[in-house]
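Structure, as structure tokens:
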Amino acid sequence: MPVLPEVAKTETKEGLEAFAKYWFQLLSYGYETGDTKPVSALTSPACTMCERAKQVQQGWHQEGRWLVGGRVTTPSVNTTFVVAPDGNYQVAVQVSQEALSYYNADKSLDSTDPKPADSGSLMLVVFREGSWFVQTVEPIVG
């Protein structure tokens, strides 16, 4: 289980970047365990990408099924630390994910997703009641 760094509890540029890394560690933890409660507690249910990832994580950790791989890392995380007019901070994140294998309860391999190309994501995050909260995560296109 990832541990929230102390700096990630602060409303600072360093705190936001540390929180973004931590959030993706929680997402990765969901692939390993099927436990999506930690990431859900810090994320709006309006985040479509987040909800899709949680459905895969939960669905493939039921009825004796499991996932192998899918580890998510963040080689680069950056924010200008400027609050947008909508109240959100923006964080640009380079996301890398390992290949993901889906196993059935009988231990047979159901399918495999190859390692996707590294991608850029834009996180929209607010600081409220003393902690960070993810509004959405969207792909950076173009």
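The values are calculated or read from the model by the stated rules, or taken from the named source; none is laboratory data. Small disclaimer: the values here were computed from a predicted structure and weren't measured. All Cβ positions, glycine included, derive from the backbone under ideal geometry; neighbour counts span all protein chains shown.
Okay, here's what the table says:
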item: Count - residues of segment 60-78 that are under 20 Å from residue 41 (Cβ atoms) and not hydrophobic (A, V, I, L, M, F, W, C); result: 2
item: Some residue of segment 2-12 being closer than 21 Å to residue 129 by Cβ, crowded, with 20+ Cβ neighbours inside 10 Å and not β-branched (Val, Ile, Thr); result: yes
item: Any hit, segment 133-142, residues being out of contact with any Ser or Thr (no Cβ under 8 Å at 6 or more places or on another chain) and at pLDDT below 95; result: yes
item: Subset of segment 1-47 (residues that are outside any helix (DSSP H, G or I), of a type in the set (Gly, Ala, Ser) and in contact (Cβ under 8 Å) with a residue 40 or more places away in the chain); result: 44, 46
item: Candidates 102, 31, 22 - the one that is surrounded by 17 or more Cβ atoms within 10 Å (Cβ to Cβ) and over 20 Å from residue 114 (Cβ atoms); result: 22
item: Residue count, segment 48-89 (criterion: of a type outside the set (Val, Ile, Thr), surrounded by fewer than 16 Cβ atoms within 10 Å (Cβ to Cβ), touching a residue at least 60 places away in the same chain (Cβ under 8 Å) and at negative phi); result: 2
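Quick grid of which residues meet (1) within 25 Å of residue 33 (Cα to Cα); (2) surrounded by fewer than 16 Cβ atoms within 10 Å (Cβ to Cβ):
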{"site": "91", "(1), (2)": "no, no"}
{"site": "107", "(1), (2)": "yes, yes"}
{"site": "117", "(1), (2)": "yes, yes"}
{"site": "128", "(1), (2)": "no, yes"}
